[in-house]
Amino acid sequence: STCLLIFSVVIVMGLIGTSQTGLSSQTSPAVAYIVCWAALIWLTSVEGTQGSFVGLAPINPEIYKDSHPISYMCNKVTTMGDNLDRYLMGRQFMVCCIVFIINMSAGPAGDVELWGLPEGVKSAFFGVGLAMIFFTAMIGQLNSQVNASVCMLDYCNNYFSVFTMWVAM
């Protein structure tokens, strides 16, 4: 899976660099790189904080009030009334929007030609979309969900998680 991820990142960045994605063909590769990576980093926060907030909900926040003050603040907000449900609904909408932005900035625009790749490889990775699936799911979703499930307090003990929480709610 690591080799597939590296290959996918390289070819997706290659598409952006050669202006063969929706955003890079209309603006510039630099704009597409920035938008793509900013959206991907935000997606990791959205996915990870979900695991943290849901996992911390049944735990008494007084236990970590002093050691993880930002996590404590987030937990106090998300466990008040229906706020966790509001966060989860807003988070789902955010995921849809962010994945759309990633696809717009890094997804192939029509028929692409990159470094003489064979048709079968282009068909699988660009036509079917395997490159974007590996790129988005493995970087933006799966690793952050696993890390957040293991380190719930540490994952959401930052102001980016607070920002993500308020945007989602």
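FYI, it's all coordinate maths here, none of it is from the lab. Computed from a predicted model, the values in this text were never measured in an experiment. Cβ placement follows ideal geometry from the backbone for every residue including glycine, while neighbour counts extend to all protein chains displayed.
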TODO: Grab the DSSP H runs of the chain that are 4 residues or longer, score each as -39,500 (n - 2.57), total them, divide by all residues and round the 222 nm result to the nearest 500 deg cm²/dmol.
DONE: -20500 deg cm²/dmol
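Only helices at least 20 Å long along their own axis, judged from Cα atoms, and with Kyte-Doolittle mean hydropathy of 0.5 or greater: name those in the chain from DSSP H. Please list the in-between numbers first.
Details: long enough: 2-17 (22 Å, 2.65); 29-56 (40 Å, 1.21); 83-106 (33 Å, 0.92).
Length and hydropathy pass: 2-17, 29-56, 83-106.
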TODO: Take the range 1-63, drop everything but the C-alpha atoms, weight them equally and run the Debye formula without solvent; then report log10 I(q)/I(0) at 0.21, 0.23, 0.29 Å⁻¹ to two decimals.
DONE: -0.87, -0.95, -1.10
- [ ] Provide Rg over Rh for the chain; use the alpha carbon set for both Rg and the Kirkwood Rh (inverse mean inverse pair distance).
- [x] 1.08
- [ ] Using only the Cα atoms of the range 76-169, each taken as one equal point scatterer with no solvent, compute I(q) by the Debye sum, divide by I(0), and report log10 of the ratio at q = 0.21, 0.24 Å⁻¹.
- [x] -1.10, -1.29
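Might you report the magnitude of the Cβ-based charge dipole of the range 28-169 about its Cα centre, with Lys and Arg at +1 and Asp and Glu at -1, to the nearest 20 debye? Provide the component values of the computation, followed by the final result.
Values: 5 positive and 9 negative charges, 39 e Å.
In total the dipole reaches around 180 debye.
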